[in-house]
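Down below is the structure, laid out as structure tokens.
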Amino acid sequence: MKGKFILFVTLLMLFGQTGLHAQRLSSASISKTGTTVAQFLKIGVSARSIGMGGAFVAIANDASAIYLNPAGLARINGYEAQFTHTNWIAGTNYDFGALSLDLYDMGTLAFMVSSFSSGEMDVTTVEQPEGTGERFSTQDFALGLAYARKLTTNFSMGFTAKYIHQRLWHMASGTMAFDVGLLYKTPFWGINFGASIRNFGSKLRLDGRDAKFAMDPDNQNTGNVFVVNSEYEMQYYPLPLYFQVGLAKDLVHSENNRFTVAVDAITPNDNYEAVNTGMEYGWKEMVFLRAGYKSLFQTDSEEGFTAGFGLKIRLMGTTKLLLDYAYASMGRLQKSERFSLSIQF
């Protein structure tokens, strides 16, 4: 019975990929870039995964799995809290936090919060290009709740429900979205298989006083209506929907050394397909070196080479502290840097 269920879920994920591909019209000529909202949902959340080029969907064995592949939460023993700060492009900042709770035979429960902030900027207009004296900012955040469970020794599934909110000056919008993921340790040469669909939800439309204005519909004549309250018709835009599937394998796994390689294929609804590749070397599971390449074969991508390192420190008993750093080249946008702090207990 469990075997049939695993087959059903795998086919469901593959049909999901087909649906995403059908939405793209012609992937050979149209990328649909710039047609989705909530772009902060596309920013990687952990220094470890980004250090490996984002090729992490088949590994996903820490608290950041709630973002990339919730099925990986079932592989975490004990409790784990993770916090990540990202120095993003153009002076913006992105922060992420997650807490994973091992419920033993009942599965794993996890919580997440992420926040993107632009900082304050000057309001400019055509008439006042140097600024009006006003300041504005944008603030986005997401709150998530996930559940994962091992269905067999080698197969796990996970689900995440999240609330997404965007605010731009005096306008805001919010919606719900869902993620689903699976993780399978195959019987073939120790290869791990992972897949996830992220940000499946309804569309967003900004609304607020910045879209409202007053006008005189007939300013050539007097004696009629002088002011009519009006509003710009704002459009609905979809979330950035992602299908990601990947493979990972330990090429070396001994008492003192581990060398893991991974490759992911990504199908977004607002860009061309891409491939992420990465590797991680661990010495005594204490010191880690990572490298990868993000968005291979994606036309006009500014992403590319990534690298990082990590350190695991045993504090007391089973409590461990993990420090991770990642560098990611962003082409003409220069670079982004991530710092992650994790506590396992």
Any chance residue 27 is more than 24 Å from residue 327 (Cα to Cα) and either at pLDDT below 95 or more than 13 Å from the chain's Cα centre (by Cα) (or both): yes
Checking residue 299 against (1) surrounded by 19 or more Cβ atoms within 10 Å (Cβ to Cβ); (2) in a loop (DSSP other than H, G, I, E, B), the condition it does not meet: (1)
Extreme residue, surrounded by the fewest Cβ atoms within 10 Å (Cβ to Cβ), among residues of segment 157-172 that are within 19 Å of the chain's Cα centre (by Cα) and small (Gly, Ala, Ser): 161
Meets criteria (farther than 26 Å from residue 75 by Cα, part of a loop (DSSP other than H, G, I, E, B) and of a type in the set (Ser, Thr, Tyr)) for residue 125: yes
Test for residue 304: is it within 21 Å of residue 275 (Cβ to Cβ), crowded, with 18+ Cβ neighbours inside 10 Å and not aliphatic (A, V, I, L, M): no
Segment 97-109, subset crowded, with 16+ Cβ neighbours inside 10 Å and touching a Lys or Arg at 6+ places or on another chain (Cβ under 9 Å), residue farthest from residue 335 (Cα to Cα): 107
Residues that are farther than 22 Å from residue 92 by Cα and within 26 Å of the chain's Cα centre (by Cα), drawn from segment 104-130: 107, 108, 109, 110, 111
Residue ID - nearest to residue 45 (Cα to Cα), chosen from residues in segment 138-162 that are in a strand (DSSP E or B), among the hydroxyl-bearing types (Ser, Thr, Tyr) and touching a residue at least 40 places away in the same chain (Cβ under 8 Å): 160
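This table checks each residue for (1) basic (Lys, Arg); (2) assigned to a strand (DSSP E or B); (3) under 30 Å from residue 331 (Cβ atoms).
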site	(1), (2), (3)
95	no, yes, yes
111	no, yes, no
119	no, no, yes
129	no, no, yes
Considering residues of segment 42-80 that are more than 22 Å from residue 140 (Cβ to Cβ), in a loop (DSSP other than H, G, I, E, B) and small (Gly, Ala, Ser) only, the residue farthest from the chain's Cα centre (by Cα): 78
Residue count, segment 251-288 (criterion: among the aliphatic types (A, V, I, L, M) and closer than 24 Å to residue 42 by Cα): 8
Residue that is nearest to the chain's Cα centre (by Cα), among those in segment 197-251 that are hydroxyl-bearing (Ser, Thr, Tyr) and in a loop (DSSP other than H, G, I, E, B): 202
Condition met for residue 280 (part of a loop (DSSP other than H, G, I, E, B), more than 17 Å from the chain's Cα centre (by Cα) and not basic (Lys, Arg)): no
Residues of segment 310-344 satisfying the condition of being over 24 Å from the mean Cα position of the chain (by Cα), of a type outside the set (Ser, Thr, Tyr) and not in a strand (DSSP E or B): 317
Answer from 272, 281, 242, 327 - the residue that is closer than 30 Å to residue 177 by Cβ, of a type in the set (Phe, Trp, Tyr) and surrounded by fewer than 20 Cβ atoms within 10 Å (Cβ to Cβ): 327
One residue from 141, 178, 193 being crowded, with 17+ Cβ neighbours inside 10 Å, farther than 21 Å from residue 262 by Cα, among the aromatic types (Phe, Trp, Tyr) and under 21 Å from the mean Cα position of the chain (by Cα): 141
Any hit, segment 78-90, residues being out of contact with any helix residue (DSSP H, G or I) (no Cβ under 9 Å at 6 or more places or on another chain), over 17 Å from residue 340 (Cβ atoms), at pLDDT 90 or above and of a type in the set (S, T, N, Q): no
Close pairs (6 angstrom Cβ cut-off, 6 or more residues apart or separate chains): under 13 Å from residue 169 (Cα atoms) in segment 119-137, surrounded by 11 or more Cβ atoms within 10 Å (Cβ to Cβ) and basic (Lys, Arg) anywhere: 120/135
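The values are calculated or read from the model by the stated rules, or taken from the named source; none is laboratory data. Since the model is a prediction, treat every value here as computed from it, not as a measurement. Please note: Cβ atoms are built from the backbone with ideal geometry, for glycine as well, and neighbour counts cover all protein chains shown.
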